[in-house]
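K.L.:
Structure in structure tokens, see below.
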Amino acid sequence: MGGNTKTLKHFLRIFEEDIHFGAVMADTLERDGFELTHVRPAAPRSWLLRAKPPQHIQEGFGLAPELLFIAVQGEVQSRDLQRAADEVVRSDLRLDGNLVIVTDDGHTHDDGRPLKDRLDRMPGRDQRLAWVWGEDRSWPPLSEVLRQQLPTYDVFEERDPVRGYQLMGRDAEVMELRTRVTRGDAVGVFGLRKCGKTSLVRAVTDWLDPASGIKAPGAEKMASQACVIWFDAQGLDAAEADVDDVADELLAALRRRMRAAGRADVPPAPQGIAGLKSAAQAIVDEGMRLCFVIDEYDFLFEREGSLGPVPGISRLLGLVRALSQQHQGAVSLVLIGRDPEHLSVPHLDGVPNPLLAGLTPMWLGPIRPPHDTEMLRKLGRRVGLAVGPETAALARAWTGGHPLLHRQFGSALREEVRLHAPGVLLKEPTDPHRERAVERFLGRQAVLDVDREIIALLSKRYPAAYALLLDLIESHDPGAAVKRSGGSQSSGVRVLRNFGLFDEATLALPKHLSWYVRTLLPTQARVAV
């Protein structure tokens with residue numbers, strides 16, 4: 001809509017007529033150098049606007065190419081924020097999913113609650129920047145509001161899957177996965193928890209099928225290159241489930257996707273594996289590509305009480321495999337999980353494993369240089385920090401480039417800088433604070449949780465890799481430790497390499513892991529290996 005100048009002007013005129021402060025808001029944005037690109041009504045007296053910030057504002061704060069605005073006559077509601085989240089997907093992910101600028105006239109109501117207080121009470125973890133106009137209809141320049149409010153929000157603390165512009169340093173992986181999915185492959189995206197697997201796959205499926213990423217109806221006019229059925233197995237009551245229950249969950253995901261796309265021909269009520277087969281066949285018969293995504297697939301194989309795989313799971317995998325073979329290039333499967341061990345067994349449910357040798361593994365490791373530094377610097381600019389080269393090098397050494405840990409280091413750095421340089425920060429140098437930030441980083445629960453998960457995984461599932469890990473930490477000669485493990489092609493090296501825990505160029509482990517083992521892992525646990 002916004003790409004057509006006449007259409008943009010038409011909707012801008014309606015906006016200024018519908019929202020009594022709309023004209024003044026638009027004029028203020030223009031005077032401050034912001035260029036409106038899209039204007040559309042989201043609901044009665046609720047509008048969504050997008051605007052390009054001036055170059056110095058975008059670069060100075062590490063912002064996305066466009067900013068999203070909600071303008072409401074009356075009081076903004078949670079549903080307005082949900083519409084804004086959907087708009088991020090509609091925008092071809094040019095918008096920043098962590099930031100929305102909100103304005104309404106709620107401050108004129110009797111309760112007198114400030115807009116910022118009301119926004120803080122609404123669900124969600126993104127930053128809602130309150131742009132408040134005065135009783136005399138005067139507006140503070142948005143550039144000044146950004147300078148005051150952006151540094152107050154810890155953008156490093158994002159732990160949920162990120163979308164679009166916030167996915168950094170993964171361009172090559174996105175392109176590889178996109179190619180494989182459009183080719184109709186079965187792909188497994190594997191790696192440690194919180195290493196960005198879900199974010200990576202979302203980047204591909206949002207591009208393939210925007211309707212799959214929108215929670216509410218409204219994607220009717222968005223072009224989809226596929227129909228994506230996304231299912232998170234972690235939410236399944238796996239103890240009592242069988243394959244028909246899994247199929248019903250996939251059918252429910254398909255119905256949500258169809259409703260978001262404005263399709264009236266949604267599949268009927270749950271029908272198990274037979275109903276899923278029928279619905280899938282109907283989609284490919286109409287000439288549309290189909291993509292199944294199962295997140296946290298491990299939960300289908302690791303049920304409570306050592307119950308083993310969900311009964312009949314081979315039928316589901318066999319169905320997808322058969323559809324893929326019957327409709328070359330039209331049906332793909334993406335499994336997201338910790339590792340491919342469950343899919344490497346020759347038999348499932350007493351029959352040949354349908355995916356044996358038919359699944360392409362993609363290991364997602366750390367963010368590599370220079371992308372790790374770019375991420376720190378971009379997010380740092382958002383909170384008023386000038387991340388220096390010594391800080392970036394120290395962060396890399398301690399986190400190994402693990403996305404969550406890298407963000408945690410940035411958050412600890414922000415906390416340390418704000419303690420010693422209180423007030424609104426503008427390009428505060430970080431190098432003088434970098435060493436003190438390490439202690440804050442190591443004291444964070446998220447860091448300890450990642451380390452515990454790594455140690456538990458290796459000690460339980462990969463004893464050779466665990467033994468090598470401990471040997472590398474205790475040894476003064478890492479090269480000799482590698483030789484003792486069987487060399488660079490040994491199973492221990494391979495596992496550590498796949499999980500992104502071992503840098504073969506430097507023969508080094510991330511310092512956070514070495515610190516954890518030496519400091520917190522009981523000596524007897526190390527000796528027992």
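Okay, residues lined up against (1) of a type in the set (A, V, I, L, M); (2) assigned by TED's automatic domain parsing to the domain that holds Gly188; (3) part of a loop (DSSP other than H, G, I, E, B):
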| site | (1), (2), (3) |
| --- | --- |
| Leu458 | yes, no, no |
| Gly492 | no, no, no |
| Leu496 | yes, no, no |
| Gly500 | no, no, yes |
| Ser514 | no, no, no |
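K.L.:
Next question, about the same structure. Going by the structure shown, is Glu415 touching a residue at least 24 places away in the same chain (Cβ under 8 Å) and surrounded by fewer than 20 Cβ atoms within 10 Å (Cβ to Cβ)?
P.N.:
Details: touching a residue at least 24 places away in the same chain (Cβ under 8 Å): yes; surrounded by fewer than 20 Cβ atoms within 10 Å (Cβ to Cβ): yes.
So Glu415 passes the test.
K.L.:
Only one of (1) outside any helix (DSSP H, G or I); (2) over 30 Å from Ile336 (Cα atoms); (3) not small (Gly, Ala, Ser) fails for Leu119. Which number is that?
P.N.:
If we test Leu119 against (1) outside any helix (DSSP H, G or I); (2) over 30 Å from Ile336 (Cα atoms); (3) not small (Gly, Ala, Ser), just (1) comes out false.
K.L.:
Between Arg407, Arg382, Arg368, Arg396, which is touching a strand residue (DSSP E or B) at 6+ places or on another chain (Cβ under 9 Å) and among the charged types (D, E, K, R)? Let's see the steps before the verdict.
P.N.:
Working: Arg407 fails: touching a strand residue (DSSP E or B) at 6+ places or on another chain (Cβ under 9 Å); Arg368 fails: touching a strand residue (DSSP E or B) at 6+ places or on another chain (Cβ under 9 Å); Arg396 fails: touching a strand residue (DSSP E or B) at 6+ places or on another chain (Cβ under 9 Å).
The unique qualifying residue is Arg382.
K.L.:
Hey, another quick one. Taking the condition of being of a type outside the set (Lys, Arg) and more than 29 Å from the chain's Cα centre (by Cα), how many residues in segment 470-504 meet it? Outline the logic, then answer.
P.N.:
So the first thing to find is which residues in segment 470-504 are of a type outside the set (Lys, Arg), and the list is 470-482, 485-493, 495-496, 498-504.
Then keep just the ones that are more than 29 Å from the chain's Cα centre (by Cα); that gives 470-482, 485-492.
Summing the residues that are of a type outside the set (Lys, Arg) and more than 29 Å from the chain's Cα centre (by Cα) in segment 470-504 gives 21.
K.L.:
Residue check: is Gly401 surrounded by fewer than 24 Cβ atoms within 10 Å (Cβ to Cβ) and under 28 Å from Phe502 (Cα atoms)?
P.N.:
Working: surrounded by fewer than 24 Cβ atoms within 10 Å (Cβ to Cβ): yes; under 28 Å from Phe502 (Cα atoms): yes.
Judged against the criteria, Gly401 is a match.
K.L.:
Determine whether Val293 is surrounded by 16 or more Cβ atoms within 10 Å (Cβ to Cβ), touching a residue at least 60 places away in the same chain (Cβ under 8 Å) and at negative phi. Please lay out each step first, then the result.
P.N.:
On the way: surrounded by 16 or more Cβ atoms within 10 Å (Cβ to Cβ): yes; touching a residue at least 60 places away in the same chain (Cβ under 8 Å): yes; at negative phi: yes.
Taking the combined requirement at face value, the residue satisfies it.
K.L.:
Kindly provide the set of residues from segment 61-80 that are crowded, with 19+ Cβ neighbours inside 10 Å and not in a loop (DSSP other than H, G, I, E, B), ordered by number.
P.N.:
Phe61, Glu66, Leu67, Leu68, Phe69, Ile70, Ala71, Val72, Asp80
K.L.:
Select from segment 319-362 the residues that are part of a loop (DSSP other than H, G, I, E, B) and aliphatic (A, V, I, L, M) and list them in ascending order. Can you show your working first?
P.N.:
Going residue by residue through segment 319-362, those that are part of a loop (DSSP other than H, G, I, E, B) are 327-330, 338-340, 344-346, 349-350, 353-359.
Listed by number, the residues that qualify are Ala330, Val345, Leu355, Leu356, Ala357, Leu359.
To keep it simple, each residue is scored yes or no on (1) charged (D, E, K, R); (2) buried (at least 21 other Cβ atoms within 10 Å of the Cβ).
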position	(1), (2)
Asp209	yes, yes
Ile214	no, yes
Gly235	no, no
Ala238	no, no
Asp245	yes, no
Leu254	no, yes
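K.L.:
Hey, Ile229 hits all of (1) assigned to a loop (DSSP other than H, G, I, E, B); (2) buried (at least 19 other Cβ atoms within 10 Å of the Cβ) but one; which does it fall short on?
P.N.:
(1)
K.L.:
Out of Leu442, Leu426, Leu413, Leu469, I need the residue that is of a type in the set (A, V, I, L, M, F, W, C), at pLDDT 95 or above and touching a Lys or Arg at 6+ places or on another chain (Cβ under 8 Å). Which one? Show your work before the answer.
P.N.:
Values: Leu442 fails: touching a Lys or Arg at 6+ places or on another chain (Cβ under 8 Å); Leu426 fails: at pLDDT 95 or above; Leu469 fails: touching a Lys or Arg at 6+ places or on another chain (Cβ under 8 Å).
Step by step, each of Leu442, Leu426, Leu413, Leu469 is checked, and only Leu413 is of a type in the set (A, V, I, L, M, F, W, C), at pLDDT 95 or above and touching a Lys or Arg at 6+ places or on another chain (Cβ under 8 Å).
K.L.:
Give just the number: which of (1) buried (at least 16 other Cβ atoms within 10 Å of the Cβ); (2) closer than 26 Å to Asp92 by Cβ; (3) in contact with a strand residue (DSSP E or B) (Cβ under 7 Å, 6 or more places away or on another chain) does Met288 not satisfy?
P.N.:
Here Met288 meets the rest and fails (1).
K.L.:
Looking at (1) surrounded by fewer than 13 Cβ atoms within 10 Å (Cβ to Cβ); (2) in a loop (DSSP other than H, G, I, E, B), find the lone condition where Met175 falls short.
P.N.:
Unmet condition: (2).
K.L.:
Looking at Ser490, Ser485, Ser459 in this structure, which one is more than 30 Å from Val383 (Cβ to Cβ), buried (at least 16 other Cβ atoms within 10 Å of the Cβ) and in contact with an Asp or Glu (Cβ under 8 Å, 6 or more places away or on another chain)?
P.N.:
Values: Ser490 fails: in contact with an Asp or Glu (Cβ under 8 Å, 6 or more places away or on another chain); Ser459 fails: in contact with an Asp or Glu (Cβ under 8 Å, 6 or more places away or on another chain).
Only one candidate qualifies: Ser485.
K.L.:
Restrict the check to segment 49-57 and report whether at least one residue is β-branched (Val, Ile, Thr) and in contact (Cβ under 8 Å) with a residue 60 or more places away in the chain. Show your work before the answer.
P.N.:
Residues of segment 49-57 that are β-branched (Val, Ile, Thr), as a first pass: 57.
Of the ones still in play, those that are also in contact (Cβ under 8 Å) with a residue 60 or more places away in the chain are 57.
Yes: one or more hits.
The values are calculated or read from the model by the stated rules, or taken from the named source; none is laboratory data. Not measured: the values here are computed from a predicted model. Cβ: placed from backbone, ideal geometry, glycine included. Neighbour counts: every protein chain shown.
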